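So the structure is just underneath, and the comments pick up after that.
The values are calculated or read from the model by the stated rules, or taken from the named source; none is laboratory data. These numbers were taken from a predicted model, which means no experiment stands behind them. Heads up, the Cβs are rebuilt from the backbone with ideal geometry, glycines too, and the neighbour counts pull from every protein chain shown. For accessibility, only protein heavy atoms count, side chains too; no ligands or nucleic acids. Shrake-Rupley method; radii C 1.70, N 1.55, O 1.52, S 1.80 Å.
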Amino acid sequence: MTFQVWGWRKEASQVLAWVADAEGGRGTAMRRRTPATKDPTAVERANLLNMAKLSIKGLIESALSFGRTLDSDYPPLQQFFVVMEHCLKHGLKVRKSFLSYNKTIWGPLELVEKLYPEAEEIGASVRDLPGLKTPLGRARAWLRLALMQKKMADYLRCLIIQRDLLSEFYEYHALMMEEEGAVIVGLLVGLNVIDANLCVKGEDLDSQVGVIDFSMYLKNEEDIGNKERNVQIAAILDQKNYVEELNRQLNSTVSSLHSRVDSLEKSNTKLIEELAIAKNNIIKLQEENHQLRSENKLILMKTQQHLEVTKVDVETELQTYKHSRQGLDEMYNEARRQLRDESQLRQDVENELAVQVSMKHEIELAMKLLEKDIHEKQDTLIGLRQQLEEVKAINIEMYQKLQGSEDGLKEKNEIIARLEEKTSKITAAMRQLEQSDNDLLTQTRTIAMSLVKCASSDTQDQYKLVKDISF
């Protein structure tokens, strides 16, 4: 299984400076404390810490000078994995099994999956790798995949935080249980600038022997100067690549902005058209409202005039009532009834006006729905016309086929008529033959009868002759 992990080279200078600070800061503090404690485990931790610093720093410097992508055969990378294996093995508890003692780093690394959910994928990938038979081989594959994913520092940081869980696998004086483990995890962050392309699937990780090669870390001043120059050149190349990448991204953003401006212009034109249509609709509605108001005013004027006329009639009737008091109650009741009828009429007219306005709105909605329905029916009519044309074409084809079949049927009828004539002739011939056979049978019967008679007469004559001879 091959993974390709990439990173930015411009982080290299920051990481190298941070590594130098770590070497000058906490490293010196550890070196100051180690002679005072005189503890062999502390000395081991300090030595492993120094080796981890040298390995990580050498790997970063050589990777930046050699190239960004590293493979499995790169010696500094192999030494880094050996040093990390020694660091993880320090202070590891021995687990007794039924047949032997088991001391492996796969147990704490497998614990990372429970603490860091994103590590489940790498654990499943390691378990699915063919050819890995030992826990140590799975642990080595796990380290390689974590480096390719640039998550080794994150995974180990989650591990060293949970010291109560680590105490099941490590002794109390182990490197992973002390502050040296936190320092190493901090140094591992610098490896994010390195790209690694490691083929874990075909590599024999079970039988490798992890021996630290100290000759790689013995350097002279000329090599250091050359590497510094290489680092500077790499930084310049990184800046150039960064500027090119930034220019490419800016070009892509400009093109995307142009496309967005075009789409916004199109949407703006559509909105302007919709706004003009809405304004026209508003103007039409205002005109209709004005017409309705004018109609309402006319109706009100007519009702007022009618009321005035009725009032005049009532007044005249009252005057007549004053002059003639006969039928005063009937006239008064009639006037009140007429007034009530007129007011009811006015109320009915107003209600009818409101109903007409609402009906007009409903008619408008119904017109819109009818227009929509008409468009849909037009679409269906177009589809039905197409279907009708297809049916016409099919009918024409069927008619042509029917004509062809009728011609064939006529020919077959003619053939049948000829065959019937032939059969009638054959039946007549058969009847003639049967008649001739009957005649022949009657003739043969008569001949046979005559022969029988002749034979009987001959026998009688012979009998008489024989009888005469005997006498």
A correct Karplus calculation of ³J(HN,Hα) over the range 46-51, with 6.51 cos²θ - 1.76 cosθ + 1.60, θ = phi - 60°, whole Hz and x for Gly and Pro, returns 5, 5, 5, 5, 5, 5
Note on the range 249-391: C-alpha Rg/Rh, Kirkwood Rh, two decimals, gives 1.41
Two pseudo-spin positions, 7 Å from Cα along C-beta at residue 366 and at residue 339, lie apart in nanometres by 4.1 nm
Among 372/392; 401/422; 53/89; 266/368; 89/201, the pairs whose Cα-Cα distance exceeds 20 Å are 372/392; 401/422; 266/368; 89/201
Taking a ≥ b ≥ c as the square roots of the Cα gyration tensor eigenvalues, with a/c under 1.5 meaning rounded and otherwise prolate when a/b beats b/c or oblate if not, the range 288-337 comes out prolate
By accessible area (1.4 Å), largest first, 195, 262 order as 262, 195
Quick tally, 1.4 Å probe accessible area for 93, 133, 53, sorted with the most first, runs 133, 93, 53
The extension gain from residue 390 to residue 318, computed as 0.36 nm times the residue separation minus the Cα-Cα distance, is 17.5 nm
One finds, for residue 71 and residue 125 with R0 = 25 angstrom and r their Cβ-Cβ distance, a FRET efficiency to the nearest 0.05 of 0.85
Per DSSP, the loop-located GluC sites (Glu not before Pro) within the range 122-193 having at most 16 other beta carbons within 10 Å are 168, 171
Taking the range 102-173, the lysine pairs whose C-alpha atoms sit under 23 Å apart (8 or more places apart or on different chains) add up to 5
Checking rank on 273-286, 352-365, 77-90, with mean other Cβ inside 10 Å and highest first, the result is 77-90, 352-365, 273-286
Expressed in nanometres to one decimal, the distance between label points 7 Å along Cα→Cβ at residue 254 and residue 133 is 6.3 nm
Under a 1.4 Å probe, counting only protein heavy atoms, residue 207 has an accessible area in Å², nearest 10, of 80 Å²
